Structure formats: C-alpha cells, structure tokens
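Here's the structure, in structure tokens; my notes come after.
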Amino acid sequence: MPLIILMPKQKVISQNIANSDTPNYKAKEVDKTQYFKAERESSIESYRTDERHFTFKPEKRAK
C-alpha cells in the first residue's frame with residue numbers, strides 16, 4: 001500500500017485503540033477508494049528529448 005494511505009490508516013488505528021474503552025465508541029476506518037479514485041483519474045504526460053528514446057503513449061484505463 002502507498003504511504004499516502006498508510007499514514008492516515010495508522011492514525012485511525014491509534015485513535016481506535018486509544019478509545020477502545022470509551023462507552024459507545026464506534027471504530028473508524030480509512031476510505032481507501034478516495035485515494036485510488038484520484039490515481040485512476042490522473043494522467044501522465046511525457047515527451048521525448050531524443051529520437052532514440054522510447055515513445056510513450058498512456059493506455060486507456062477501463063473504468
């Protein structure tokens with residue numbers, strides 16, 4: 001898992017542990033879909049600086 005997900009997850013886990021004895025406390029979870037959605041929607045742009053470099057054409061991703 002990328003660090004961008006692990007850091008908030010670690011914080012939520014520590015809060016859940018700290019509040020485990022609190023009456024009516026409901027454990028929380030990190031919504032990973034928001035991080036993956038941003039990655040799916042991002043695009044990469046590139047250009048060749050030398051004709052010997054590989055061409056780069058991003059693939060169309062299925063949604």
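Ranked highest first by the average count of other Cβ atoms within 10 Å around their residues, in what order do 19-31, 3-15 fall?
3-15, 19-31
Viscosity 1.567 mPa s, temperature 4 °C: what is the translational diffusion coefficient of segment 1-41 from Stokes-Einstein with a Kirkwood Rh over Cα pairs, rounded to a whole number of µm²/s?
114
What's the FRET efficiency of S42 with K9 using the Cβ-Cβ distance as r and R₀ = 22 Å, to the nearest 0.05?
The computed FRET efficiency comes out at 0.55.
Every number in this text was worked out from the coordinates using simple rules, so none of it is lab data. It should be emphasised that the depicted structure is a prediction, and the values quoted were computed from it without experimental measurement. A quick note on method: Cβ atoms are made from the backbone with ideal geometry, for glycine too, and the neighbour counts reach across all protein chains shown.
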